[in-house]
Structure formats: C-alpha cells, structure tokens
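Working notes, beginning with the structure itself.
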Amino acid sequence: MFKNINKVVQTLVITDFFINSAFGSFGPVFAIFITQQITGGSASVAGYATAAYWLVKSIVQLPIARFLDRADGERKHFWAMFLGFFITGFVPIAYLFATKPIHLYAIESVHGFIMAWAVPAWYAIFTRHVDKWRISFEWSLESVFSVGLATAAASALGGYVYDHYGYYVLFLSAGIIAVLASFILLGLMKHLMPIKGQERVSPEKHGRHK
C-alpha cells in the first residue's frame, strides 16, 4: 500500500491513522458516557459539546490558516501540527475529570482551537509533498486508510472496551495513543522545506488580478 510513496506522505498518513483511531474509539459511546457520567447529562448536552468544538474550530481556523500561509518554509507548519496533535491527545484524558456539562463545553472549545492549528498545517505539508503523479491515490489513501479503516476498527474496539472495562480505560488508552502518535511526526523534521525552499506564486506573475 505504501510502496513508492515518499516518507513525508507515509508519516502523515500513519500518524493520522493512529490519531483518528484514538478519537474514533469513543465516538459511538460518547453520548452514553455523557448521559451516565455527567451530572445533568443528556443527548442535548452531547450535541452542544460537539457543536462547541465545530463552532470554535470553524471561527478561528481560517485566520490561523492565513497566518500559517505567510510563513516561509514549513517549520511553522510543522510545529503547529506537532503541538496540535500532541496537546489534543490530552482531550480524552480531560474527559475523565469532567463532571458537569460546562466542563465538556470548555474541553471541546479548547479542542476545536487546537485542531484549528493542526489541521491546516497538516493539509499544507501533505499538499506540498504529495507525489504529483499519484495525487488522487495518495489523498484516497489518507481517506480510506487513516479515516475510513481507522474509524471502523477503532469504533468496534472502543465499544468492546467500554462494555468490558469502562470509560476510564477507554479514554485513558485513547489519550495515550494520540500523544504517542504525535511523536511519529518528529521523523518529518529532516524532510521539511527550508525557509527559502518553497515557491510563492503571485497573481500578478500570471496576469490574474482580483
């Protein structure tokens, strides 16, 4: 599957596989956890918590992406991605200390802010290093392997762990996996484009004006 694919794309896909596996493991039982373990927890609370994540992420991601695009080279993108994935690994662990709906809303808001840094940085590095003669295949590899298969396997395993060992083991395991997965990204440092190594194309060069 990874034959003849460059190391940067391989590393990004493999890291994403473990990150998505970690968070996909408790996706199917998150609402159950909220209704059983959070004071006043309900399906509405689960919905509001999810909305908090997506609302914060949607509001701040575009300004953050614009800020990252101003950087020369990939070092700023790398650290935004690495620190984002590393910190987000503590989100499942933070759930263990949540007892009220407001705790969940705060955790999910912080989660959304963190991922607003990590996601555009991941996209930027992947896009620059994707093999140009296999663009469709390598983006599809990310979609199938790191999203589809990871979520499918993790969802099934997560449900089993929740039933047999409880939410403490499930969330703690998910957090540890996500934190450890972020360190895989350190292998990218020697492959980052130098400060003046990336081409910038202005609209004026090609006769295009806004």
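The values are calculated or read from the model by the stated rules, or taken from the named source; none is laboratory data. Remember, it's a predicted structure, so these values are computed and weren't measured experimentally. Ideal geometry is used to build each Cβ from the backbone, glycine not excepted, and the neighbour counts take in all protein chains shown. These accessible areas exclude ligands, DNA and RNA; they are computed on the full protein's heavy atoms, side chains included. Shrake-Rupley method; radii C 1.70, N 1.55, O 1.52, S 1.80 Å.
Just checking, which of Lys190, Lys196 is open to solvent by 60 Å² or more (accessible area, probe 1.4 Å), at pLDDT below 95 and not in a helix (DSSP H, G or I)?
Lys196
For Asn4, only one of the following conditions fails: (1) polar (S, T, N, Q); (2) at pLDDT below 90; (3) surrounded by 15 or more Cβ atoms within 10 Å (Cβ to Cβ). What is its number?
The single condition Asn4 does not satisfy is (3).
In the stretch 118-143, which residues are within 22 Å of Leu186 (Cβ to Cβ) and open to solvent by 80 Å² or more (accessible area, probe 1.4 Å)?
Tyr123
Take Ser146 and decide whether it is part of a helix (DSSP H, G or I), modelled with pLDDT of 95 or more, hydroxyl-bearing (Ser, Thr, Tyr) and surrounded by 15 or more Cβ atoms within 10 Å (Cβ to Cβ).
Criteria not met by Ser146.
Give all pairs with beta carbons closer than 6 Å in which a residue from the stretch 109-132 that is closer than 21 Å to Thr50 by Cβ and of a type in the set (Ser, Thr, Tyr) meets a residue that is part of a loop (DSSP other than H, G, I, E, B) and modelled with pLDDT under 95; count only pairs at least 6 apart in sequence or on separate chains.
As it stands, the answer is none, since no pair meets every condition given.
Could you list, in sequence order, the residues of the stretch 40-77 that are without any contact (Cβ under 8 Å) to a residue 24 or more places away in the chain and not in a helix (DSSP H, G or I)?
Answer for the stretch 40-77, where residues must be without any contact (Cβ under 8 Å) to a residue 24 or more places away in the chain and not in a helix (DSSP H, G or I): Ser42, Arg70, Ala71.
Can you name the residue in the stretch 23-49 that is farther than 27 Å from Met81 by Cα and among the hydroxyl-bearing types (Ser, Thr, Tyr) and is also most open to solvent (accessible area, probe 1.4 Å) among such residues?
Per the stated criteria, the residue is Thr39.
Report, by residue number, each residue of the stretch 81-106 that is under 17 Å from Ala51 (Cα atoms) and open to solvent by 60 Å² or more (accessible area, probe 1.4 Å).
Lys100, Ile102, His103
What number of residues within the stretch 50-74 satisfy the criterion of being open to solvent by 80 Å² or more (accessible area, probe 1.4 Å) and touching a Ser or Thr at 6+ places or on another chain (Cβ under 7 Å)?
Of the residues in that region, 0 qualify.
Check off (1) at pLDDT below 95; (2) open to solvent by 60 Å² or more (accessible area, probe 1.4 Å) for Asn20 and give me the number that stays unchecked.
With (1) at pLDDT below 95; (2) open to solvent by 60 Å² or more (accessible area, probe 1.4 Å) applied to Asn20, the lone miss is (2).
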